[in-house]
Amino acid sequence: MARLGVNIDHIATLRQARGSHEPDPLAAAILAEQAGADGIVVHLREDRRHIQDRDLRLLRQILQTKLDMEMAPVDEMVKIALDVRPDMVTLVPERREEKTTEGGLDVLAHRDRLQSVISLLRDGGIVVSLFIEPDLEVVKAAHKLGAHYIELHTGHYANARRASEEAAAVDAIHQAAKFAAKLDIGVNAGHGLTYRNVRRLVAMKEIVEFNIGHSIVARAVQVGIERAVKEMKELVK
Ligand code: PXP
């Protein structure tokens with residue numbers, strides 16, 4: 001049975017839209033854990049567009065499960081990670097203009113940088129995962145760099161429009177997952193997963209954890225709006 005990591009970045013996105021205190025990602029994290037989440041994932045972006053440093057530090061204190069910090073492989077973030085000590089760091093590429101992470105790390109082009117960041121984090125006792133494309137060469141490179149885990153980018157699968165495109169994306173993910181498992185690297189998967197498209201991937205026994213954010217936050221709004229309106233209607237009537 002795979003584990004579920006719940007990414008709560010977009011709870012913070014909503015809070016930052018008003019610069020207020022609600023909704024609070026810490027409260028969401030506690031509720032997610034109570035509902036069965038096996039871990040909480042947050043991306044501390046360099047531009048701090050959603051999760052703030054304070055959120056990360058408080059999450060470290062209150063979580064009962066596992067804190068997975070997504071971050072770019074840059075000095076500022078390494079320093080924060082070594083100070084906060086999340087259970088896991090997932091290294092991701094980051095571009096300021098992007099709406100969300102757009103693809104896996106270019107492991108081959110940034111080998112030296114990644115090697116030094118991975119060593120620092122590993123020496124600090126942090127489990128390190130690399131967010132990569134489902135490509136055998138990249139899996140091999142991640143293994144050589146000493147990553148404990150990889151997270152396979154499922155965005156191409158999620159965005160596939162034609163059945164043939166989707167089948168090819170599923171096959172790439174499965175081949176990469178099987179290869180990584182053979183190399184004894186843990187396999188996570190995420191990005192763009194929904195209540196509908198996750199089903200095909202759940203069948204892959206090699207994937208030990210799914211990291212899902214946007215779809216869960218979107219559904220929370222959908223299933224919660226009726227009660228929220230009823231409560232306010234009670235107050236104003
Ligand atoms: N995994 C990684 C590495 C990500 O960057 C993200 C987005 O922050 C996710 C998983 C979750 O993606 P989504 O919000 O589309 O479920």
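Accessible area of Arg60 (1.4 Å probe, protein heavy atoms only, ligands and nucleic acids ignored): about 70 Å². Axis angle, to the nearest 10 degrees, between helix 75-84 and the longest C-alpha principal axis of the chain: 70 degrees. Across segment 1-55, C-alpha contacts under 8 Å between residues 6 or more apart give a mean separation that, scaled by the residue count, equals a relative contact order of 45 percent.
Expressed as a whole percent, the accessible surface of the chain that belongs to carbon and sulfur atoms is 54, based on a 1.4 Å probe.
Each label point was placed 7 Å from the Cα along the Cα-to-Cβ direction; for Glu165 and Asp83 their separation is 4.3 nm.
Here segment 78-180 is described by how far its Cα atoms reach on the three principal axes: 46, 32, 25 Å, from widest to narrowest. The Cα-based radius of gyration of the chain, divided by its Kirkwood radius, gives an Rg/Rh of 0.98.
Before rounding to the nearest 500, sum -39500 (n - 2.57) across all DSSP H runs of length at least 4 in the chain and divide by the residue total; then give [θ] at 222 nm in deg cm²/dmol.
Working: 10 runs with 115 residues, N = 237.
When only DSSP H runs of four or more count, the value is -15000 deg cm²/dmol.
To the nearest ten degrees, helix 163-182 and the longest principal axis of the Cα atoms of the chain are 70 degrees apart.
With no solvent and one equal point scatterer placed on each C-alpha of segment 189-233, evaluate the Debye formula and give log10 I(q)/I(0) for q = 0.17, 0.18 Å⁻¹, two decimals. Log10 of I(q)/I(0), two decimals: -0.57, -0.61.
Report the semi-axes of the equivalent ellipsoid for segment 1-97 in whole Å, largest first, where each axis is √(5λ) for an eigenvalue λ of the Cα gyration tensor. Please report the intermediate quantities before stating the final value.
Working: eigenvalues 75, 59, 29 Å².
Computed over segment 1-97, the values are 19, 17, 12 Å.
Taking Cα atoms only, the orientation of helix 9-18 departs from the longest principal axis of the chain by about 40 degrees. Accessible area per residue for the chain is 54 Å², calculated with a 1.4 Å probe on protein heavy atoms, without ligands, DNA or RNA.
Taking a threshold of 18 Å on the Cα-Cα distance, which of the pairs Lys140/Lys182; Lys178/Lys205; Lys66/Lys99 fall above it? Check vs 18 Å cut-off fails for Lys66/Lys99. Put simply, the amide H of Asn7, placed in the peptide plane, has neighbours under 5 Å in Val41, Ile212, Gly213, leaving out anything fewer than 5 places away on its chain. On a C-alpha basis, how far is the centre of segment 151-167 from the centre of segment 194-232 in Å? Whole number, if you could? Distance between centres, Cα-based: 18 Å.
The values are calculated or read from the model by the stated rules, or taken from the named source; none is laboratory data. Not measured: the values here are computed from a predicted model. Note that each Cβ is placed from the backbone with ideal geometry, even for glycine, and that neighbours are counted across all protein chains shown. We work out accessible area using only protein heavy atoms, side chains counted, and drop any ligands, DNA or RNA first. Shrake-Rupley method; radii C 1.70, N 1.55, O 1.52, S 1.80 Å.
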